[in-house]
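Comments concern the structure below.
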Amino acid sequence: MVVSANDARWLEPCLSSIYAHAGGVELQVIVVDNASSDGTRELVESHFPQARVLTSPNLGFAYGNNRGLEHTLARYMLLLNPDTEILQGDFADLLSALDASPEVGIAGVRQVDGEGVLLPTMRRFPNALRALGEALASERWPVHPAWAGERVLESTAYGRAGECDWVVGSFLLARREALLAAGLLDERFFLYCEEPDLCLRVARAGWRVRYLPRMTIRHHAGKGGVRPRLLAQEAFARRQYARKHFGPVHRTLYLVALAARYGLRGRTWALGSLSGRGAPPFVMPPPQALSSVAPPPQALASTARCSEEAPT
C-alpha cells in the first residue's frame, strides 16, 4: 500500500524496488492517489500496469491507507512510504519469518536515510515521563534509559530481531488477522500518531510488534527540512493521542511536558496546536462528509473507523 500525495517523483524507484525484491511472492501493489496533481496515476499506469491505482481525496495518511486496505484480501498488508526503496532482502524471506511467528501482528524492518545512516525506527509508546525526558534533551545524554525517550537509539538493537512498542509507518507490515482484531488506522489522525495508536490497539488485542532486520530500505526522511506546518500537525496529533489514551492527570502532565519540549526548542508555532487554541494545521471534514466519499464496504471496511475512546 503506497499513498501518494504529489509524490510521483519517488514512485518509480519505490515500485521498481518492490517488484525486484518480491522473492517469488505474489504481490498486489496498490497506489492510493491522494488528490495528486503531478501525474501520479499516469506514471503508475504507464510504468507499472500490474499495480492498481485508487483515487482518493486527500484526507490524510490514515484515510488513504484505509481506502487501499479495504481493497485487498491479502494475508499480510504493507504500508510503505512512496519516498522509500528496498535495498536488501526480499518479501519471501520476510513473510517466512512472520509465518514462523504467528503471535506477531505488526513488523518493521531496518531503515537507513538517503546517505545510508541508520534510522531509529523502533519506538516506545508516548507518555508524560518520556516527553519530559525529551524536553530535557535525553537523546544527547551519554546513556538512553527507556523511561526518558520514545526512540530506541542503541545501534546494536537494530542488528538483531526484537520486540518494541511500535514501528514507524514508512514500512509497517501487518498481519490481516491483527487488523481484523484491532481495527484499521484511526482516520481522525490526519498525519502522525497513527502508528502508535494502531500498535497499541494491536497489542491490546493480544498481538506482538516486532522489528525484523531481514530487509533494509532507504527512506528519504526529512527531505523537506524543518516545516512549521508539519511540526504543528505533530503537536496537534499528539494532543489527539493523549485525549484518546490518557486519563485527565496523565494527559495534563504529558501536554505540559510537550509544551516545555517545543518551547525550549523555539518551536512556538506548535504550541497553539498543542493547546487547542489554534486551528488544526490540516482541517478534517465532519464524519458525515467522510462517509460520503468512502467506497462501498469491502474486505476490512467494517473496521476502518476504529474509535476505542472518542477524543473530546
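The values are calculated or read from the model by the stated rules, or taken from the named source; none is laboratory data. Since the model is a prediction, treat every value here as computed from it, not as a measurement. Please note: Cβ atoms are built from the backbone with ideal geometry, for glycine as well, and neighbour counts cover all protein chains shown.
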Any hit, the range 249-263, residues being touching a Pro at 6+ places or on another chain (Cβ under 9 Å) and surrounded by fewer than 22 Cβ atoms within 10 Å (Cβ to Cβ):
no
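Residues to consider are A260, A174; find the one that is more than 27 Å from I18 (Cα to Cα) and not polar (S, T, N, Q).
Values: A174 fails: more than 27 Å from I18 (Cα to Cα).
Sole residue among the options that is more than 27 Å from I18 (Cα to Cα) and not polar (S, T, N, Q): A260.
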Just to be sure before I move on: is L200 more than 18 Å from P120 (Cβ to Cβ) and without any contact (Cβ under 8 Å) to a residue 40 or more places away in the chain in the structure I sent?
no
Within the range 69-84, of all residues that are assigned to a strand (DSSP E or B) and over 12 Å from the mean Cα position of the chain (by Cα), the one surrounded by the fewest Cβ atoms within 10 Å (Cβ to Cβ) is Y76
Please list, ordered by first then second residue, the pairs with beta carbon atoms under 8 Å, 6 or more apart or interchain, first in the range 250-272 and in contact (Cβ under 8 Å) with a residue 12 or more places away in the chain, second of a type in the set (S, T, N, Q) and surrounded by 15 or more Cβ atoms within 10 Å (Cβ to Cβ).
H250/N127; Y254/N127
In the range 11-20, how many are closer than 15 Å to L87 by Cβ and under 19 Å from the mean Cα position of the chain (by Cα)?
3
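A quick yes/no check of all residues on (1) touching a residue at least 60 places away in the same chain (Cβ under 8 Å); (2) among the hydrophobic types (A, V, I, L, M, F, W, C):
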| position | (1), (2) |
| --- | --- |
| S46 | no, no |
| T55 | no, no |
| L59 | yes, yes |
| A62 | yes, yes |
| N65 | yes, no |
| E70 | yes, no |
| R75 | yes, no |
| G89 | yes, no |
| G114 | yes, no |
Residue match in the range 134-156 (condition: buried (at least 17 other Cβ atoms within 10 Å of the Cβ), touching a residue at least 60 places away in the same chain (Cβ under 8 Å) and at negative phi):
yes
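Every residue in the range 251-271 that is over 24 Å from the mean Cα position of the chain (by Cα) and outside any loop (DSSP other than H, G, I, E, B), please. Let's see the steps before the verdict.
Taking the range 251-271 first, the residues over 24 Å from the mean Cα position of the chain (by Cα) are 252-253, 256, 260, 263-266, 268.
Across the range 251-271, the qualifying residues are T252, L253, V256, A260, G263, L264.
Kindly check whether there is at least one residue in the range 205-223 that is farther than 29 Å from Q111 by Cα, of a type in the set (G, A, S) and out of contact with any strand residue (DSSP E or B) (no Cβ under 9 Å at 6 or more places or on another chain). I'd like the intermediate steps shown before the answer.
To start, the set of residues in the range 205-223 that are farther than 29 Å from Q111 by Cα comprises none.
Scanning the range 205-223 turns up no residue that is farther than 29 Å from Q111 by Cα, of a type in the set (G, A, S) and out of contact with any strand residue (DSSP E or B) (no Cβ under 9 Å at 6 or more places or on another chain).
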Number of the condition not met by G225 [criteria: (1) of a type outside the set (D, E, K, R); (2) modelled with pLDDT under 95; (3) at negative phi]
(3)
Could you tell me whether any residue of the range 173-193 is more than 22 Å from E70 (Cβ to Cβ), of a type in the set (G, A, S) and touching a helix residue (DSSP H, G or I) at 6+ places or on another chain (Cβ under 9 Å)?
no
Consider the range 1-23. How many of its residues are under 18 Å from G68 (Cα atoms), of a type in the set (A, V, I, L, M), in contact (Cβ under 8 Å) with a residue 60 or more places away in the chain and not in a helix (DSSP H, G or I)?
3
Right, W269: more than 21 Å from Q111 (Cβ to Cβ), at pLDDT 90 or above and not basic (K, R) or not?
no
May I ask you to verify whether N66 is surrounded by fewer than 22 Cβ atoms within 10 Å (Cβ to Cβ) and out of contact with any Phe, Trp or Tyr (no Cβ under 8 Å at 6 or more places or on another chain)?
no
Scanning the range 110-140 residue by residue, those in contact with a helix residue (DSSP H, G or I) (Cβ under 7 Å, 6 or more places away or on another chain) and over 30 Å from T268 (Cα atoms) turn out to be R110
